[in-house]
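Before any comments, here is the structure.
The values are calculated or read from the model by the stated rules, or taken from the named source; none is laboratory data. Every value quoted in this text rests on a predicted model; they were computed, and no experiment measured them. Backbone-built Cβ (ideal geometry, glycine too); neighbour counts: all protein chains shown. These area figures cover heavy atoms from the full protein model, side chains too; ligands, DNA and RNA do not enter into them. Shrake-Rupley method; radii C 1.70, N 1.55, O 1.52, S 1.80 Å.
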Amino acid sequence: QPITSSRKLVLLGESAVGKSSLVLQFVKGQFDDYRESTIGAAFLTQTVPVKDGNFVKFEIWDTAGQERYKSLAPMYYRSAHAAVVVYDITSAASLLKARAWISELQRQADPSIVVCLAGNKLDLADSQRQVSTEEAQKFADEEGLMFREVSAKSAEGVEDMFKAIADRMPID
Ligand code: GTP
Ligand code: MG
């Protein structure tokens, strides 16, 4: 019979890159143009089907990107099975911040953590892109990370990204 495995997933990244928006799109299929910046962290769950009729129940910690909350992050990523490190494709600075989160995870998180680099706001690619797909893909390849470009606004790539992460979670 089907097994449901609970797996802890944390979102990290600079403020306003769209972490909360990605979670809202994944969990509720919604998007807001005006979202309040997260205070501390928010918790949501979502269950997704994986192979062999089993399920992964993600326990999602959506962290606050503002600098004043930075010291809280280790509490959320320490025992995480997966991390989505988000940058905004219209902000080169946000990719630098994502790189810093990735090196912190490499030093401090569980070595078996599955990390996905996510370039959000793909809907703005034509007019405002600052980070090329190639640059981010190359970085992800060098670091051995999953990589996706997504849009919390249009929903493009969002479900696919979380499903791909779920497929990499051990089932037991
Ligand atoms: P903190 O909670 O401060 O860390 O920010 P956050 O990373 O959770 O960002 P949030 O989801 O609050 O989104 C910030 C702003 O970007 C909001 O105004 C969103 O509407 C907007 N936004 C988020 N995702 C997208 C997207 O995919 N496309 C576009 N065009 N705007 C987006
Ligand atoms: Mg937020």
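Key figures
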quantity	calculated
Whole-number accessible area per residue in Å² for the chain, which is evaluated in the context of all protein chains at 1.4 Å	50
DSSP beta bridges in segment 38-139 [antiparallel fraction, %, rounded to 5]	55
Computed over the chain: relative contact order in percent, which uses C-alpha pairs under 8 Å that are six or more apart	28
Accessible heavy-atom area order of Arg78, Arg7, highest first, probe of 1.4 Å	Arg78, Arg7
Average Cα contact separation per residue, segment 81-172, under 8 Å, 6 or more apart, as relative contact order %	32
Helix-only mean residue ellipticity at 222 nm for the chain, each DSSP H run of n ≥ 4 adding -39500 (n - 2.57), per residue, nearest 500	-9500 deg cm²/dmol
Amide H within-cut-off set for Ser91, under 5 Å, with H built and near neighbours excluded	Gln130, Val131
Size of charge dipole - the chain - debye, nearest 20, with Cβ of Lys, Arg +1 and Asp, Glu -1, no other charges	460
Percent antiparallel among DSSP beta bridges (both partners in the chain, rounded to 5)	30
Long-range HN-HN contacts of Glu149 with modeled amide H, under 5 Å	Gly119
Dipole in debye (nearest 20) - segment 18-71, about Cα centre, beta carbon charges: Lys, Arg +1; Asp, Glu -1	120
